[in-house]
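Structure record follows, encoded as structure tokens.
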Amino acid sequence: MANLGLFVSVEGGEGVGKSVFTRNLIAKLEAANLPCMMTREPGGTLIGQQIRTIFMTPPDGETIEPLTELFLVSAARHQHVLKIQDNLTRGTHVICDRFTDSTRVYQGAIGGLSEDLIERVVATSTGGIEPDVTFFLDCPPELALSRLAQRDSLTEDGNRYDSGGLRLHQTLRGAFSELGRKFPDRIKCIDASQSPEAVLDQAWSILVKKLGDALDS
Ligand SMILES: Nc1ncnc2c1ncn2[C@@H]1O[C@H](COP(=O)(O)OP(=O)(O)OP(=O)(O)O)[C@@H](O)[C@H]1O
Ligand SMILES: [Mg+2]
């Protein structure tokens, strides 16, 4: 059965504003009386949330391997996509803070796992579900770092990549940009150095077209 809801993922490096944008987008959809659900990865389900805790805070003294990370996020994702699919089928738009592109970037470009392995595990864990549109929030690493510095590092959204420094942020940006070139129909690059309102406006103008297409089909 065709999905009635749109599946939207939000991607980009640390501190570019994904979580703020995701919340703002949900508020905008709600204001338009459109059924929607906000979710995130890793997480999205109770099991996924438990896996997120392992992923984000591995015990001191033990390094988490990229392959372990791949299986952890993929296990959480498998649980999650069932819930996402259920919502899409019922006509709820799903906005997901990070999804498979983060796996491609963090476990692939940064972790060094092969594209072939990642794509096979992604395909198996998702059953082939892909976002209808992915917003890649793109901004200079220096700006993302300064935003992170301002954000309370003890909040729940702080994470273990935050301290990675400029070089990591440059690598993240390059890897997400490359994915944008690889999947130009799905991934839409948004200038995240703008104000939250302008970021939302730019994405919304893309989304209304997709919503229109979905309503027409
Ligand atoms: N467009 C924006 N302009 C200025 N500040 C912003 C903007 N978007 C987000 N911020 C601020 O930048 C900080 C990081 O934002 P946010 O937590 O949404 O980033 P994130 O991409 O979700 O980070 P992470 O990858 O760590 O989850 C927050 O303090 C937030 O208030
Ligand atoms: Mg966030």
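The values are calculated or read from the model by the stated rules, or taken from the named source; none is laboratory data. Note that the structure is a prediction, hence the values are computed from the model and not measured. Note: ideal-geometry Cβ built from the backbone for every residue, glycine included; neighbour counts use all protein chains shown. SASA here: full protein model, heavy atoms, side chains in, ligands and nucleic acids out. Shrake-Rupley method; radii C 1.70, N 1.55, O 1.52, S 1.80 Å.
Pairs only if they're at least six apart or on different chains, beta carbon under 8 angstrom, first in the range 103-132 and over 17 Å from LYS182 (Cα atoms), second at pLDDT below 95; list them, first residue then second.
ILE110/LEU168
When only residues in the range 121-135 that are in a loop (DSSP other than H, G, I, E, B) and on the phi < 0 side of the Ramachandran plot count, which is surrounded by the fewest Cβ atoms within 10 Å (Cβ to Cβ)? Walk me through how you get there before you give the answer.
At the first step, the residues of the range 121-135 found to be in a loop (DSSP other than H, G, I, E, B) are 127-132.
Adding the requirement that they be on the phi < 0 side of the Ramachandran plot leaves 129-132.
On the way: ILE129: 18, GLU130: 15, PRO131: 22, ASP132: 19.
Across the range 121-135, the extreme among qualifying residues is GLU130.
Which one of GLU69, GLU65 is open to solvent by 30 Å² or more (accessible area, probe 1.4 Å), under 23 Å from THR171 (Cβ atoms) and more than 16 Å from ligand 2 (Cβ to nearest atom)?
The unique qualifying residue is GLU65.
If the requirement is being part of a loop (DSSP other than H, G, I, E, B) and over 15 Å from the mean Cα position of the chain (by Cα), which of these qualifies: GLU69, GLU62?
Unique residue meeting the criteria: GLU62.
If you scan the range 27-46, which residues turn out to be open to solvent by 20 Å² or more (accessible area, probe 1.4 Å), touching a strand residue (DSSP E or B) at 6+ places or on another chain (Cβ under 8 Å) and over 16 Å from PHE99 (Cα atoms)? Can you show your working first?
Within the range 27-46, the first condition is being open to solvent by 20 Å² or more (accessible area, probe 1.4 Å), and the residues that meet it are 27-28, 30-38, 40, 45-46.
Applying the additional criterion that residues be touching a strand residue (DSSP E or B) at 6+ places or on another chain (Cβ under 8 Å) yields 30, 34-38, 40.
Within the range 27-46, GLU30, LEU34, PRO35, CYS36 meet the criteria.
Identify all residues within the range 29-54 that are away from ligand 1 (no atom under 13 Å from the Cβ) and either part of a loop (DSSP other than H, G, I, E, B) or in contact with a helix residue (DSSP H, G or I) (Cβ under 6 Å, 6 or more places away or on another chain) (or both); write none if there are none. Don't jump to the end; show me each part of the working.
If we filter the range 29-54 for residues that are away from ligand 1 (no atom under 13 Å from the Cβ), which is where we start, we get 29-37, 39, 44-51, 53-54.
ALA32, ASN33, LEU34, PRO35, CYS36, MET37, GLY44, THR45, ILE47, GLY48, ILE51 - these are the residues of the range 29-54 that are away from ligand 1 (no atom under 13 Å from the Cβ) and either part of a loop (DSSP other than H, G, I, E, B) or in contact with a helix residue (DSSP H, G or I) (Cβ under 6 Å, 6 or more places away or on another chain) (or both).
Given the structure, is ARG23 open to solvent by 10 Å² or more (accessible area, probe 1.4 Å), within 22 Å of VAL121 (Cβ to Cβ), part of a helix (DSSP H, G or I) and within 16 Å of ligand 2 (Cβ to nearest atom)?
Working: open to solvent by 10 Å² or more (accessible area, probe 1.4 Å): yes; within 22 Å of VAL121 (Cβ to Cβ): no; part of a helix (DSSP H, G or I): yes; within 16 Å of ligand 2 (Cβ to nearest atom): yes.
The answer is no for ARG23.
Considering only residues that are under 20 Å from SER146 (Cα atoms) and not hydrophobic (A, V, I, L, M, F, W, C), which ones fall in the range 167-191? So that I can check it myself, show each step before the final result.
Kept after step one, since they are under 20 Å from SER146 (Cα atoms), are these residues of the range 167-191: 167-174, 176, 190-191.
Result: ARG167, HIS169, GLN170, THR171, ARG173, GLY174, ASP191.
Condition check ((1) within 10 Å of ligand 1 (Cβ to nearest atom); (2) over 19 Å from GLY108 (Cα atoms); (3) within 16 Å of the chain's Cα centre (by Cα)) across all residues:
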{"position": "GLN170", "(1), (2), (3)": "no, no, no"}
{"position": "ALA175", "(1), (2), (3)": "no, no, yes"}
{"position": "GLU178", "(1), (2), (3)": "no, no, yes"}
{"position": "PHE183", "(1), (2), (3)": "no, no, yes"}
{"position": "PRO196", "(1), (2), (3)": "yes, yes, no"}
{"position": "ALA203", "(1), (2), (3)": "no, yes, yes"}
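Taking the range 128-146, which residues are over 18 Å from THR171 (Cβ atoms) and not small (Gly, Ala, Ser)?
Those that are over 18 Å from THR171 (Cβ atoms) and not small (Gly, Ala, Ser): ILE129, GLU130, PRO131, ASP132, VAL133, THR134, PHE135.
Can you name every residue in the range 174-202 that is assigned to a helix (DSSP H, G or I) and either away from ligand 2 (no atom under 16 Å from the Cβ) or among the small types (Gly, Ala, Ser) (or both)? Let's see the steps before the verdict.
Going through the range 174-202, the residues assigned to a helix (DSSP H, G or I) turn out to be 174-182, 196-202.
Matches in the range 174-202: GLY174, ALA175, SER177, GLU178, LEU179, GLY180, ARG181, LYS182, GLU197, ALA198, ASP201, GLN202.
Could you grab me the full set of residues in the range 26-56 that are touching a residue at least 40 places away in the same chain (Cβ under 8 Å), within 16 Å of ligand 2 (Cβ to nearest atom) and over 11 Å from the mean Cα position of the chain (by Cα)?
Across the range 26-56, the qualifying residues are ILE26, MET38, GLY44, MET56.
So which residues in the range 88-97 are assigned to a helix (DSSP H, G or I) and buried (at least 20 other Cβ atoms within 10 Å of the Cβ), if there are any at all? Break it down stepwise before answering.
Pass one, the range 88-97, residues assigned to a helix (DSSP H, G or I): 88-89.
Matches in the range 88-97: LEU88 only.
Mind listing whichever residues of the range 1-20 are within 16 Å of ligand 1 (Cβ to nearest atom) and outside any helix (DSSP H, G or I)?
The initial filter retains those residues of the range 1-20 that are within 16 Å of ligand 1 (Cβ to nearest atom), namely 8-20.
Once the filter is applied, which keeps residues that are within 16 Å of ligand 1 (Cβ to nearest atom) and outside any helix (DSSP H, G or I), the range 1-20 yields VAL8, SER9, VAL10, GLU11, GLY12, GLY13, GLU14, GLY15, VAL16, GLY17.
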